[in-house]
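What follows is a single structure, written as structure tokens, with notes after it.
The values are calculated or read from the model by the stated rules, or taken from the named source; none is laboratory data. If you're wondering where the values come from, they're calculated on a predicted model, not measured in any experiment. Cβ coordinates were reconstructed from backbone atoms using ideal geometry, including for glycine residues, and neighbour counts include every protein chain displayed. SASA here: full protein model, heavy atoms, side chains in, ligands and nucleic acids out. Shrake-Rupley method; radii C 1.70, N 1.55, O 1.52, S 1.80 Å.
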Amino acid sequence: MSRATWKAAWRAALALVGAGSLAVGAAILLAGPAAAGTTLGASAAEKGRYFGTAVAANKLSDNTYVTILNREFNSVTPENEMKIDATEPQQGQFSYGAADQIVNHARSRGMSVRGHTLAWHSQQPGWMQNLSGSTLRQAMLNHVTQVATHFRGQVVTWDVVNEAFADGGSGARRDSNLQRTGNDWIEAAFRAARAADATVKLCYNDYNTDDWSHAKTQAVYAMVRDFKQRGVPIDCVGFQSHFNSGSPYPGNYRTTLSSFAALGVDVQITELDIEGASAATYRSVVEDCLAVARCNGVTVWGIRDSDSWRASQTPLLFTSGGAKKPAYDAVLAALNNGTTPPTTTPPPTTTPPPPGPGACTAAVSVNQWTGGFVATVRVTAGSSAITSWTVTIALPSGATVTNAWNASRSADTGTTRWTNVAYNGRVGAGQSTEFGFQANGTAGSLSPTCAAG
């Protein structure tokens, strides 16, 4: 999202970008989370999801703000504190104080953290704005590496690249200094982020991609599909979903979420705010997420209306005074009334021993819901590159594969052998590729084994 000084331009042009105030402050300890089912975060957790908010460090000294934050949310996204100008104000000189403050506040209360954002055409410090070509490319990759490394193990998801596609009907990439370093800059950023952190989810994040029929949405979809086909490490897609009269909630929103999810990525609603805080629209958005098994959760872009970059449009769930709105009640009801609550099994927390030369390992993460599950399998090469791989998985009784991506399989039930397809057999030393499948039944405890060629 852009700085506050961009807000007037946005209102004049009805172009959606994000904002917030960059500042620092002191964290304070206040109320802990309430019982399950009575707050947004607790109710989302019952459905295997998160319900989060954007947080500004300077507001962590505001009693009302922090009381709501600690009570209602189980995920946070730093509003500006992890952006490029905040974390690397001078080239090679990194500053994490404000971001660390938010991360420490969240993690000490059991909240997860979304990292936002590593590579973006906006909010670049002056030194980066003055670079171009290979010099800029290298500086961008170093920034991604350093920041992702600093927060390794502390954030669960990174918005690796933000808002790289142009608005309008062209479906083209946005013209920016990063784009002018070469069309592969997004891929390069994702690969650098994966090299820095092997377990964090890597997201592409954008706005005005909510309507399935729009050219911008289709262009992002084509990029994600290409990345999955070629083994570029992308795990999720973020939909900012800033809805207003100029860009309303589309009737095909659920189609958009489910279509991206079918590519084998998670989907996340990352910056939700709705002009006028329509209770019906808020409820529809949450219901759409709950209807898509791979929709991990929802983040609203601020807590109270007064905290919003669109304050005059009163777009959030709490009034400026901190009172709950009808939209809050609608969201809570939607979370509590979800009919197919999934239970998410996180990726393994232990790191397997590194495979030897010419070998590989496989690790699996599972998203289980009533009657079915999605499994994502990461294949990692050992100290030497491999040219092909086969993963063997014993499915529990009653489990039947219904869909798969990025691999060929030998069977739909029982012991299944998964082999690489043409574009993802070659894996560099220490590097990874992923495949996935959807199945009916219960995943149980999957234990994949890997053999390399």
Along the range 403-410, Karplus-curve 3J(HN,Hα) (6.51, -1.76, 1.60; θ = phi - 60°) to the nearest Hz, with x for Gly and Pro, reads 7, 8, 8, 6, 6, 9, 10, 8
Assign unit charges at the C-beta atoms only (+1 for Lys and Arg, -1 for Asp and Glu), then state the dipole size of the range 106-173 relative to its Cα centre in Debye, rounded to the nearest 20. 300 debye
Using Cα centres only, tell me the gap between the range 261-311 and the range 393-453 in whole Å. 32 Å
Here the percent of antiparallel bridges among DSSP beta bridges lying wholly in the chain, to the nearest 5, is 55 percent
Provide the per-residue ³J(HN,Hα) series for the range 71-83, in order, calculated from phi with Karplus coefficients 6.51, -1.76, 1.60 and θ = phi - 60°, each as a whole number of Hz, with x at glycine and proline positions. 7, 9, 10, 10, 8, 9, 10, x, 5, 9, 6, 10, 6
Based on the inverse mean of 1/r over its pairs of different Cα atoms, what is the Kirkwood hydrodynamic radius of the range 166-251, in Å? 14.1 Å
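Starting from the coordinates of the alpha-carbon atoms of the range 257-312, obtain the Kirkwood hydrodynamic radius over all distinct pairs and give the value in Å to one decimal.
The answer is 12.2 Å.
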Roughly how much of Cys360 is accessible, in Å² to the nearest 10, using a 1.4 Å probe? 10 Å²
quick shape note, the range 221-298: Cα extents on principal axes in Å, largest first -> 42, 24, 18
Over the range 111-240, one equal point on each Cα, no solvent: what is log10 I(q)/I(0) by the Debye formula at q = 0.12, 0.17, 0.18, 0.21 Å⁻¹? -0.43, -0.88, -0.99, -1.31
With point charges of +1 on the Cβ of Lys and Arg and -1 on the Cβ of Asp and Glu, referenced to the Cα centre of the chain, which listed residue (Gln129, Val220, Gly264) lies farthest in the positive direction of the dipole? Gly264
With a 1.4 Å probe and all protein chains in place, put Ser445, Ser247 in order of accessible area, largest first. Ser445, Ser247
Full-extension gain between Thr387 and Gln90, please, as 0.36 nm times their residue separation minus the C-alpha to C-alpha distance. 102.7 nm
The range 96-158: radius of gyration over Cα atoms, expressed as a fraction of 2.2 N^0.38 Å: 1.28
Which of Thr281, Asn142, Thr314, positive extreme of dipole for the chain (C-beta unit charges): Asn142
Solvent exposure, largest accessible area first (probe 1.4 Å, DNA, RNA and ligands not counted), of Arg194, Arg254, Arg109: Arg254, Arg109, Arg194
Counting all Cα-Cα pairs in the chain, those more than 33 Å apart amount in percent to 33 percent
Compute from the Cα atoms of the range 33-113 the Rg and the Dmax, the latter being the longest Cα-Cα distance, and quote both in angstrom. 14.0, 47
Inter-label distance for Arg409 and Ser61, nm, one decimal - labels placed 7 Å from Cα along Cα-to-Cβ: 5.6 nm
Ordered by residue, what ³J(HN,Hα) values in Hz, to whole numbers, does the range 280-287 give under the Karplus form 6.51 cos²θ - 1.76 cosθ + 1.60, where θ = phi - 60° and Gly and Pro are x? 5, 5, 4, 5, 4, 4, 5, 4
Taking every Cα atom in the range 160-307, find the radius of gyration and the maximum pairwise distance Dmax, and write them in Å. 15.2, 44
